[in-house]
Amino acid sequence: MTARMFPVAGRHRDRVYVITGGATGIGRACAERYAQEGAQVVVADIDDRGAAVAEAVNGAFIKTDMSQPDQVRALADAAISKFGRIDIWHNNAFSAVFKPIHEQTLEEFDAITGVGIRGYWMGAKAAVEHMRARGGKGVIINTASVQSFVGEKGFSAYQATKGAVLAMTRSLALDHAPDIRAVAIAPGLIKTDAIKGIPEDVMAEVIAGIPAGRGAEPEEVAALAAFIGSDEADYMSGTAIILDGAYLAIG
Ligand SMILES: NC(=O)c1ccc[n+]([C@@H]2O[C@H](COP(=O)([O-])OP(=O)(O)OC[C@H]3O[C@@H](n4cnc5c(N)ncnc54)[C@H](O)[C@@H]3O)[C@@H](O)[C@H]2O)c1
């Protein structure tokens, strides 16, 4: 890793952080980072590997399919019953099949948007309701993408979710300002399972298009997420923070 990590001891002490898609990749790194900074962490994922992540951070694993309304509601309720509050809710889960539109089925579109739009919205709704019920402040973090801003071939359904996430974040920021902030993170290429299937030659081409000359580690996204959820970021809301090694700067 090129970047060095500097967790801020105690920055999230007494806070409860819920991360969806926390079993792997960016979500796992975020769970670890928030725990390092003192938070009580709830790891939600459809994948049982979330249990080991939760155990490692002394948190709780709630197996959740973020496309299912009753399970999303149960996740928020479990966070409250276990830790008494939700301070930061991070919508991050995704599942997608990347294909050109003429090969993509409607069922695949529904599954992708079911997690990436509907799931984010249901998560934000459950979190906001709990935050308001205890009259407190809170932060919603939504993992978006550079694809919220630019097109790439073969990603129509996925990109629809990431555009929606950005628009949703703006609206969430207005609903209960200044008490509840909403901020999107727009990562570029991050080295997780999500990019594992990309053939080597294609990956070399992708990297060549990134001025930083590399993909980022999930820990670099986690460092940003920990800042966004902190009081130091109190004036940050309704926007997306891009972490892309200057990929979008090329225009
Ligand atoms: N890796 C990248 O290059 C990159 C770039 C831009 C944005 N992102 C975004 O970052 C976020 C995290 O992706 P990642 O790269 O860490 O991928 P990942 O595949 O490592 O993690 C995604 C997680 O979501 C979980 N998940 C899938 N379906 C679910 C469901 N129905 N309910 C609950 N959990 C479910 C998976 O089990 C997995 O643990 C996603 O929103 C993705 O769109 C990633």
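Some notes on this structure:
- Qualifying position, being at pLDDT below 95, within 30 Å of GLN104 (Cα to Cα), small (Gly, Ala, Ser) and near the ligand (Cβ under 10 Å from one of its atoms), among ALA216, ALA194: ALA194
- Every residue from region 144-158 that is polar (S, T, N, Q), within 10 Å of the ligand (Cβ to nearest atom) and out of contact with any strand residue (DSSP E or B) (no Cβ under 8 Å at 6 or more places or on another chain): GLN147
- Subset of region 143-166 [at pLDDT below 95 and among the charged types (D, E, K, R)]: GLU152, LYS153
- Scope region 147-199; condition among the charged types (D, E, K, R) and under 20 Å from THR24 (Cβ atoms); matching residues: LYS162, LYS191, ASP193, LYS196
- Residue within region 167-178 that is modelled with pLDDT of 95 or more, among the charged types (D, E, K, R), in a helix (DSSP H, G or I) and within 12 Å of the ligand (Cβ to nearest atom) present: no
- Options ALA3, ALA56: the member that is more than 9 Å from the ligand (Cβ to nearest atom) and at pLDDT below 95: ALA3
- ALA29 more than 15 Å from the ligand (Cβ to nearest atom), under 17 Å from the mean Cα position of the chain (by Cα) and modelled with pLDDT of 95 or more: no
- Residue list for region 132-163, filter: over 24 Å from VAL206 (Cβ atoms) and either among the aliphatic types (A, V, I, L, M) or assigned to a loop (DSSP other than H, G, I, E, B) (or both): ALA133, ARG134, GLY135, GLY136, LYS137, VAL139, ILE140, ILE141
- The listed residue being in a helix (DSSP H, G or I), touching a helix residue (DSSP H, G or I) at 6+ places or on another chain (Cβ under 7 Å) and at pLDDT 95 or above, out of GLY123, GLY114: GLY123
- Of all residues in region 102-111 being part of a helix (DSSP H, G or I) and of a type outside the set (Asp, Glu), the one that is farthest from the chain's Cα centre (by Cα): LEU106
- Here is the figure for region 219-234: residues that are in a helix (DSSP H, G or I), more than 15 Å from the ligand (Cβ to nearest atom) and surrounded by 14 or more Cβ atoms within 10 Å (Cβ to Cβ) total 3.
- From the options ALA76, ALA23, residue that is in contact with a helix residue (DSSP H, G or I) (Cβ under 6 Å, 6 or more places away or on another chain) and away from the ligand (no atom under 12 Å from the Cβ): ALA76
- Once region 86-125 is narrowed to residues that are touching a residue at least 60 places away in the same chain (Cβ under 8 Å) and of a type in the set (S, T, N, Q), the residue that is farthest from the ligand (Cβ to nearest atom) is ASN91.
Each row is one residue, and each column tells you yes or no for (1) touching a residue at least 60 places away in the same chain (Cβ under 8 Å); (2) surrounded by 14 or more Cβ atoms within 10 Å (Cβ to Cβ); (3) not hydrophobic (A, V, I, L, M, F, W, C).
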| residue | (1), (2), (3) |
| --- | --- |
| ALA157 | yes, yes, no |
| ALA164 | no, yes, no |
| ILE190 | yes, yes, no |
| ALA194 | yes, yes, no |
| PRO199 | no, no, yes |
| GLY213 | no, no, yes |
| MET236 | no, yes, no |
| ILE241 | no, yes, no |
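- Taking region 58-85 as the range and being on the phi > 0 side of the Ramachandran plot and without any contact (Cβ under 8 Å) to a residue 60 or more places away in the chain as the test, only ASN58 passes.
The values are calculated or read from the model by the stated rules, or taken from the named source; none is laboratory data. Bear in mind that the values here come from a model prediction, so they are computed numbers and not experimental data. Heads up, the Cβs are rebuilt from the backbone with ideal geometry, glycines too, and the neighbour counts pull from every protein chain shown.
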